Amino acid sequence: MAGLDSVAVRVPRLRLVVTGSATPDGLSPLLTALIEDRGGEAERVAVPDDEEAIACAIRAGEADAVLVLGGSGYGRTDRSAAGLARAGWLHVQGIALRPGETAALGEAAGRPVLVLPGRPEAAFAAFLALGTPLLARLGGTREAPGMPATLLRKIASVIGLAEIVFVRRHPEGVEPLGGFELPLRRLLQADGFVLVAPEREGHPAGDQVEVRPL
């Protein structure tokens, strides 16, 4: 009993800028659910694949941080990193994370901006690796801790890249579902993930691994 009638709770507000609004978007509702599950609020806005439109969407609003979904790569139709550079500062494009290699980081209008790839598994991986810590920092909380579990099948990984592998829990352990180019129907079966360190080639079956919640 602390003798308090009320306490202030900080709710991080994120602006979710979805690029390529002419195409159906089934990913932003899932990202919104992840944000809300972590105590945040998400405002979604759709824009075309245009540098100026993306830049304007990044600068607008009163959110604490901005997530841009899609267009993070280096192709002719990938305009999100250029839009971020036009809106403010692009600090890095491309990280040593698989999937999610083309994610970008920067800032604009005094707030952090994270650009996520458009592929579902890459967007989720980049959000879990970078967006979740950002939300925790904005909300003054800590990330949910991982729990040890027995690996039912081996995980093979590439040395030099951190790798996120999505897993499904079973009574006897966790089953790896995959990471890079994982189909959405398989991704939806996941209820946790394993982060493989860049210096490892993976984990053999029977290993105890740290499973982090989605």
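The values are calculated or read from the model by the stated rules, or taken from the named source; none is laboratory data. Fair warning: this is a prediction, and the values are worked out from it, not measured in the lab. Note: ideal-geometry Cβ built from the backbone for every residue, glycine included; neighbour counts use all protein chains shown. We work out accessible area using only protein heavy atoms, side chains counted, and drop any ligands, DNA or RNA first. Shrake-Rupley method; radii C 1.70, N 1.55, O 1.52, S 1.80 Å.
Rounded to the nearest 5, what % of DSSP beta bridges with both residues in the chain are antiparallel? Walk me through the numbers before you get to the answer.
On the way: 27 of 46 bridges.
Expressed as a percentage, antiparallel bridges in the chain total about 60.
Could you give the length gained by full extension between THR141 and LEU184, i.e. 0.36 nm per residue of separation minus their alpha carbon distance, to one decimal place? Mind showing how you got there, number by number?
Values: separation 43, 0.36 × 43 = 15.48 nm, distance 2.98 nm.
Separation in residues times 0.36 nm, less the Cα-Cα distance, equals 12.5 nm.
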Answer in debye to the nearest 20: the dipole magnitude of the chain about its Cα centre, from +1 Lys/Arg and -1 Asp/Glu charges placed on Cβ, is 60
From largest accessible area down, sort ASP50, ASP207, ASP37; use a 1.4 Å probe on the protein chains.
-> ASP37, ASP50, ASP207
Quick one: ranking ILE95, ILE164 by accessible area, 1.4 Å probe, largest first, what do you get?
-> ILE95, ILE164
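Restricting the count to DSSP beta bridges whose residues both fall in region 144-214, what percent are antiparallel, rounded to a multiple of 5?
95
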Determine one quarter of the surface area of the Cα convex hull of region 160-214, which equals its mean projected area, and express it in nm² to one decimal.
-> 3.9
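In percent, how large is the relative contact order of the chain, given Cα pairs closer than 8 Å and 6 or more residues apart? Present the calculation step by step, with values, prior to reporting the outcome.
Values: 477 pairs, mean separation 35.1, N = 214.
Answer for the chain is 16 percent.
Kindly identify region 25-127 as rounded, prolate or oblate by the Cα gyration tensor criterion: order the square roots of the eigenvalues as a ≥ b ≥ c, call it rounded if a/c is under 1.5, otherwise compare a/b with b/c, prolate if a/b is larger, else oblate.
Working: a/c = 1.40, a/b = 1.06, b/c = 1.31.
Rounded.
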Simple label model, 7 Å out from Cα along Cβ direction - GLU210 to GLU43, nm = 3.5
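Compute the orientation-averaged projected area for region 13-71 from the convex hull of its Cα atoms and round it to one decimal in nm². Write down the numbers at each step before the final one.
On the way: hull surface 14.7 nm².
The orientation-averaged projected area of the Cα hull of region 13-71 comes to 3.7 nm².
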Spacing of the two label points (7 Å from each Cα toward its C-beta) at ASP191 and ALA96, in nm = 3.4
Whole-number percent relative contact order across region 106-214, with pairs defined as alpha carbons under 8 Å at least 6 apart = 31
Interchain or sequence-distant (5+) residues whose placed amide H lies within less than 5 Å of the amide H of GLY178 are PHE166
For THR132, tell me the accessible area in Å² from a 1.4 Å probe, rounded to the nearest 10.
-> 20
Here the relative contact order (percent) of region 43-101, from C-alpha pairs under 8 Å and at least 6 apart, is 33
Using a 1.4 Å probe over the heavy atoms of the protein chains, calculate the carbon and sulfur portion of the accessible area of region 151-214 as a whole percent.
-> 53
Region 141-183 - Rg and Dmax from Cα coordinates, angstrom | 12.1, 33
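Using the Cα centre as the reference, give the magnitude of the dipole from point charges on the C-beta atoms of region 118-199 (Lys, Arg: +1; Asp, Glu: -1; all else neutral), rounded to the nearest 20 debye. Intermediate values should be presented prior to the final figure.
Details: 9 positive and 8 negative charges, 32 e Å.
Magnitude of the dipole: close to 160 debye.
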Counting only the backbone N, which residues of region 96-137 are under 18 Å from the spot 7 Å out from the Cα of TRP89 toward its beta-carbon?
-> 104-115
If you find the alpha carbon centre of region 85-139 and of region 57-74, how far apart are they in angstrom?
-> 9
Taking H as built 1.01 Å from N, whose amide H comes closer than 5 Å to the amide H of GLU43, not counting residues under 5 places away?
-> LEU14, ARG15, LEU16
Sort region 108-214 into rounded, prolate or oblate with this rule: let a ≥ b ≥ c be the square roots of the eigenvalues of the Cα gyration tensor; rounded if a/c is under 1.5, and if a/c is not under 1.5, prolate when a/b is larger than b/c, oblate otherwise.
-> prolate
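Shape of region 97-149 from its Cα gyration tensor (a ≥ b ≥ c, root eigenvalues): rounded if a/c is under 1.5, otherwise prolate when a/b > b/c, or oblate?
Details: a/c = 3.01, a/b = 1.09, b/c = 2.77.
Here region 97-149 falls in the oblate category.
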